[in-house]
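In what follows, a single structure is set out as structure tokens and then discussed.
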Amino acid sequence: ATDLGDSTFAFVQVEQHTGFLQAAPPIDPSELLKKLEPLAKKQPSNLALSQLVSRAKAAAETGKWGGLKLAIRNQVKILQKNQKEDERHLSHCKIEQEENDKGRSEGVKKQEELENEIEEYKSQLKVIEEEIATVKQEMQALQAQRKKATDNRMDEMRKHDAKMMELKAAQNALYKAIQILSDFYKKEALLQAEQRQQHMAVSRGSPPPSTWVSDYKGNKNGLKILKLLAKSGEDFAAEAEESKAQEEDAKKRYEALMTDVADDLNQKVEFISDRSGQEARLQSKMSMNLQDLQSTKELLGELQDQRVNLAVRCDFINKNFDERKNKRNGEIEELHSAIAVLAGAK
């Protein structure tokens, strides 16, 4: 914008009038100078006003006022043009400042929203990470439980197999013992029967010994032993059946535990998979927000630089527009008064 002291007006640009000038009505030069000289004194750097004063003094001596009247009108046009430039400058500054303020306000709001969302994402990610870590620990405990149960089961199977082999060996030995004793007692009974018959043949006709009066009932102690062995065999068989039942029950409990552990592990794997998916989505969103936040901060930096430049270009017009306008209007009014003094002059 053009300052009051920066006029481009020069009398060399004023249209030169030639030819005969008619006599003008009398003009009081002092009245005209009262209008122009105060303006020139207020703005000593304004050469155009100083030239108008000089021109007025010269016209007072020559009586040729037409050129001065045109020059004053041109100066009014220049002032009016400068005023319009100030108005355009002020309007442009206000528009840019409003846009800058709006952009910075929106940027600050967006930055705050992004930072809040990022903090929320971080909080959610922390919860998910803790949940996944907890479930992984639970899975390790289940796997350790499964290993321990498997080791115990293998040990139970080895003990069961060893016991069954011992029982089988005992049963086989007991069976052989019963067979041997049974054969022995059968042979002993036959031998006693033969001896009895022989004694009866030799002593035929004479009364039998008193020991032979009752019938032979065999070796009672041998029968007791066979019964005890048979009872032991039954005990071995019962113990084998009980061991088999215990083994079957242990097998079922182990299989049920393995099924439960497998189901639990599968559920935890699904849980981790689901949480890992959520974690990936949150990390993706947070990454985008971090990029947006960086861009927003860069934009705010650019807007701040723009605001500084606007201050350099606009602070003067913002602070001095009214004063400049009032002074300029006063100057235009005085110039119009000067033109009024020159009314009718040629």
Kindly evaluate ASP263 against the criterion of being charged (D, E, K, R) and under 17 Å from GLN143 (Cα atoms).
yes
So VAL108 ticks every box in (1) within 30 Å of GLU279 (Cα to Cα); (2) free of Cβ contacts under 8 Å to residues at least 24 places away in the same chain but one. Which box is left unticked?
(2)
Count of the stretch 316-346 residues which are free of Cβ contacts under 8 Å to residues at least 60 places away in the same chain and among the charged types (D, E, K, R)
4
Are any residues in the stretch 28-75 open to solvent by less than 50 Å² (accessible area, probe 1.4 Å), not polar (S, T, N, Q) and not in a helix (DSSP H, G or I), and if so, which ones?
GLY63, TRP65
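Would you be able to say whether some residue in the stretch 294-317 is within 18 Å of the chain's Cα centre (by Cα) and either among the small types (Gly, Ala, Ser) or buried (at least 16 other Cβ atoms within 10 Å of the Cβ) (or both)?
Within the stretch 294-317, one or more residues are within 18 Å of the chain's Cα centre (by Cα) and either among the small types (Gly, Ala, Ser) or buried (at least 16 other Cβ atoms within 10 Å of the Cβ) (or both).
The values are calculated or read from the model by the stated rules, or taken from the named source; none is laboratory data. Since the structure is predicted, the reported quantities are computational estimates derived from the model, not experimental observations. Reconstructed Cβ throughout: ideal geometry from the backbone, glycine too, with neighbour counts over all protein chains shown. Just the protein is used for accessible areas: all its heavy atoms, side chains included, with ligands, DNA and RNA removed. Shrake-Rupley method; radii C 1.70, N 1.55, O 1.52, S 1.80 Å.
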